[in-house]
1. If the Cβ limit is 8 Å and pairs must be 6+ apart or interchain, which residue in the range 49-72 that is without any contact (Cβ under 8 Å) to a residue 40 or more places away in the chain pairs with which residue that is surrounded by fewer than 18 Cβ atoms within 10 Å (Cβ to Cβ) and among the hydrophobic types (A, V, I, L, M, F, W, C)?
2. Out of everything in the range 77-91 that is within 18 Å of residue 1 (Cα to Cα) and without any contact (Cβ under 8 Å) to a residue 24 or more places away in the chain, what residue ends up being surrounded by the fewest Cβ atoms within 10 Å (Cβ to Cβ)?
3. Just checking, does the range 92-105 include any residue being surrounded by 17 or more Cβ atoms within 10 Å (Cβ to Cβ) and under 12 Å from the mean Cα position of the chain (by Cα)?
4. Return the pair list, or none, for Cβ contacts closer than 9 Å from residues in the range 95-108 that are of a type in the set (D, E, K, R) to residues that are surrounded by fewer than 21 Cβ atoms within 10 Å (Cβ to Cβ) and part of a strand (DSSP E or B), at least 6 apart or on different chains.
5. Return the residues of the range 81-139 that are assigned to a loop (DSSP other than H, G, I, E, B), under 26 Å from residue 70 (Cα atoms) and small (Gly, Ala, Ser); say none if nothing qualifies.
6. Need a quick list: strands (runs of 3 or more DSSP E) entirely within the range 7-59 having at least 1 residues that are in contact with a Ser or Thr (Cβ under 7 Å, 6 or more places away or on another chain) and surrounded by 15 or more Cβ atoms within 10 Å (Cβ to Cβ).
Amino acid sequence: MHRVFVYGTLKRGFPNHAAGLAGQRFLGRFRTAEAYPLVVAGRWFSPVLLAEPGHGHQVHGEVFAVDDAVLTALDRLESTHLAHGYARTSLAVVAAFGGARYDAWTYVKPRERVDVIHSGPIEEYGRDERYVPAAERPA
């Protein structure tokens, strides 16, 4: 089993949850142990965790336990195989209400892979009406 930390549209109740994590075991709300810049970016107004540890805020999100097949599916969803896609990396997360500390996979982008940033660093991604789900994007 793998632990995966999600901070954006893969969280419960958000547009990509059903496509990636529906039915997976929810381990709880967590935050990154280290600060990272979480921004709204790109032409689809997507949440992006920049690969810049030590900057920004401790980011709030959720952790799920997933098997190899789900992790591979998440890699496809996050376009890790494409030059403009996310990179999967491991980082330390701590339970939002104290206690557990885990290493978990998450998805980040180097700043040079982000064409435009629409926000400053935020602690937690909420609903952003500007976000364009993949099914609604032009081919």
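1. Correct list of pairs: 53/35; 54/35.
2. First pass over the range 77-91, keeping only residues within 18 Å of residue 1 (Cα to Cα): 88-91.
After this cut, where a residue has to be without any contact (Cβ under 8 Å) to a residue 24 or more places away in the chain as well, the list is 88, 90.
Details: 88: 16, 90: 13.
Within the range 77-91, the match that is surrounded by the fewest Cβ atoms within 10 Å (Cβ to Cβ) is 90.
3. Yes.
4. Listed pairs, sorted by first residue: 101/92; 101/94; 101/95; 103/3; 103/90; 103/91; 103/92.
5. Listed by number, the residues that qualify are 83, 85, 96, 100, 126, 139.
6. Numbers: elements: 25-32, 38-41, 46-49.
In the range 7-59, 38-41, 46-49 are the strands (runs of 3 or more DSSP E) which contain 1 or more residues that are in contact with a Ser or Thr (Cβ under 7 Å, 6 or more places away or on another chain) and surrounded by 15 or more Cβ atoms within 10 Å (Cβ to Cβ).
Each value in this text was obtained by applying a stated rule to the coordinates, not by laboratory testing. Quick caveat, the model's predicted, so the values are computed rather than measured. Positions of Cβ are generated from backbone atoms using ideal geometry, with glycine treated the same way; all protein chains shown enter the neighbour counts.
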